[in-house]
Each structure stands twice: as C-alpha cells, then as structure tokens.
Amino acid sequence: KAGVTQTPRYLIKTRGQQVTLSCSPISGHRSVSWYQQTPGQGLQFLFEYFSETQRNKGNFPGRFSGRQFSNSRSEMNVSTLELGDSALYLCASRTGGSYEQYFGPGTRLTVT
Amino acid sequence: AQKVTQAQTEISVVEKEDVTLDCVYETRDTTYYLFWYKQPPSGELVFLIRRNSFDEQNEISGRYSWNFQKSTSSFNFTITASQVVDSAVYFCALSEETSGSRLTFGEGTQLTVNP
C-alpha cells in the first residue's frame, strides 16, 4: 500500500498570504489528522477529520482551517500567514477502528 | 490535561550499546494509548509501537522492547545493540480514548549512535 502523501513538500510564502496544503491518506483510511511541528512548541495537534467531519480541534486560531473530501483526501488552509507559522506540517491517517496513526513526509512551510 | 515528558534531550551511544529512552505521562483517563515514534532527518514520523492502558505486558519486537508501568506512569523504550541507522529523534506520545486520535507528544529525545 502506498503511504500517506503530502503536497507540496516545500513552500515559501510571504507574511499576509494564505496557503493550502494537501494530504492523501493511506487507501482505506478515513481519519486524517494534522500536526504542526516547530522547534519552540514541538509537535502540536491541529485537527482531525473523519468522514468529512471535523471531530477534534487543537488550540490554534481560526486562521487555521481544514476540510476533508469524500475520497478522504484532506486539505488544510492557513490564512493571513504570520512568521510564526513557519513549521513542518504533518498529516497522519488511520483506519476508523485503530489508534495507530501513520504520518506523511510533511510540508515544510517558510513564511518570510 | 494530558502531558508527556521526555527528560532526556539528547543521548549519545556507541554502536552495539543498549539504550533506553524514558517517557513519563499524565492523564486522567482510565483508557489511553501510548506510542513511540521515530523521526529521522527526513522528517517523517515512523510508527514504532503502541501499548494500551489495560495491557501492561511488556514485549520485545526484534531489537525493540518497552517497559510500561502504570504505577509510575512510565513507558520506557529500549533499543538493544544499537546501530548507526537508529540515529533519530524519538517521540513518546499519548492518546486518550475521550480525545479520539489526538496525540500529545513529548519533547523528543535526539539519539545519536556513533560507529
């Protein structure tokens, strides 16, 4: 089976712009979660989607949003980018009945 | 609130040495799940092991073993006969049943295995 894929792998944006990141889960996995990793804050949970519904949300401002499509692919959007949004954004997927999450390679976002 | 602490920031060993990574967790849930992930320089988090709160049996899987003790809220991970390819950042994580798949990660331990 193919693993979790994320596009793009690298992205450079300017402060104030918006960005959309994409994640394709492992085939058959209906749950997709997003995490932000920074040197200062470590790995932090953003949100989880299951069957196109957001099931859980971390402590991030409303500028961070996401959605999931009927094929389980997910996108996350960050509007009005700030310098502090520079991070590695990781996507993870799992089946509905399992607690193991499998991560993609991440998208490294740099905000200048 | 759930919390995971990895007190060891960095560990350096020589190849073939055994190394144990420490993890202490806090949770109010009675049902929870503990994980170890490995993050090599490429950045992808690789799932290693999972343990359920209701199963304290410790196991060995190849060169990996873990010691789960609810009495001390610890979930330590041991690599036997370490290899250079084991060099990575290792994360301990906790998921509470009431929080769905939300993972709370520790700070990570940078393991360097020298030849």
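The values are calculated or read from the model by the stated rules, or taken from the named source; none is laboratory data. What you see is a predicted model; the values in this text were computed from it and never measured. Here the Cβ positions follow ideal geometry from the backbone for every residue, glycine too, while neighbour counts run over all protein chains shown. For accessibility, only protein heavy atoms count, side chains too; no ligands or nucleic acids. Shrake-Rupley method; radii C 1.70, N 1.55, O 1.52, S 1.80 Å.
The convex hull of the Cα atoms of segment A:68-112, projected and averaged over all directions, covers 4.1 nm².
Taking other residues whose beta carbon is less than 15 angstrom from the beta carbon of residue B:7, and scoring Lys, Arg as +1 and Asp, Glu as -1, yields -3. Surface exposure of segment A:23-72, expressed per residue as accessible area with a 1.4 Å probe, stands at 47 Å². Stokes-Einstein diffusion of segment B:24-70 at 25 °C, 0.890 mPa s viscosity, Kirkwood radius from Cα pairs, rounded to a whole number: 201 µm²/s. Once divided by 2.2 N^0.38 Å, the Cα radius of gyration of segment A:1-64 becomes 1.24. When chain B is described by a simple charge dipole with +1 on each Lys and Arg Cβ and -1 on each Asp and Glu Cβ, the residue from B:21, B:43, B:32 located farthest towards its positive end is B:32. Legend: residue pairs B:16/B:38; A:57/B:3; A:1/B:16; B:3/B:38; B:38/B:70; A:57/B:38, Cα-Cα distance threshold 26 Å; pairs beyond threshold, A:1/B:16. For the options B:80, B:30, B:20, a Gaussian network treatment of chain B with springs between C-alpha atoms closer than 10 Å singles out B:30 as fluctuating the most. Taking the 1.4 Å solvent-accessible surface of segment B:1-43 as the whole, the part contributed by carbon and sulfur is 48%. Overall shape of chain B was characterised from the C-alpha gyration tensor. The equivalent ellipsoid obtained from it has semi-axes of 24, 15, 12 Å, in decreasing order.
Of the two radii for the protein assembly as shown, the radius of gyration is 0.97 times the Kirkwood radius, both from the alpha carbons; that is the Rg over Rh value. Based on alpha carbons, the Rg and Dmax found for chain A are 13.2, 41 Å. Magnitude of the charge dipole for chain B, about its Cα centre and with charges confined to Cβ atoms of Lys, Arg (+1) and Asp, Glu (-1), is about 140 debye. Counting partner chain Cβ atoms within 10 Å of every residue's Cβ in A:42-48, what's the average? The per-residue average across the peptide is 5. Computed on segment A:1-100, with alpha-carbon pairs under 8 angstrom and 6+ residues apart, the relative contact order is 35 percent.
Remark: chain B carries 47 Å² of accessible area per residue (probe radius 1.4 Å; ligands, DNA and RNA excluded). Mean-square fluctuations from a GNM of chain A, with a 10 angstrom spring cutoff on Cα atoms, peak among A:102, A:49, A:89 at A:102. Based on Cα contacts under 8 Å between residues 6+ apart, segment B:38-97 shows a relative contact order of 32 percent.
For the protein assembly as shown, a simple Cβ point-charge model (Lys and Arg +1, Asp and Glu -1, everything else neutral) yields a dipole of about 840 debye relative to the Cα centre. The relative contact order of chain B, computed from alpha carbon pairs under 8 Å that lie at least 6 residues apart in sequence, is 38 percent. Taking the charge dipole of the protein assembly as shown about its Cα centre, with +1 at Lys and Arg Cβ atoms and -1 at Asp and Glu Cβ atoms, the residue from A:99, A:8, A:34 reaching farthest to the positive side is A:8. Taking both sides together, the accessible area buried where A meets B is about 1700 Å² for a 1.4 Å probe.
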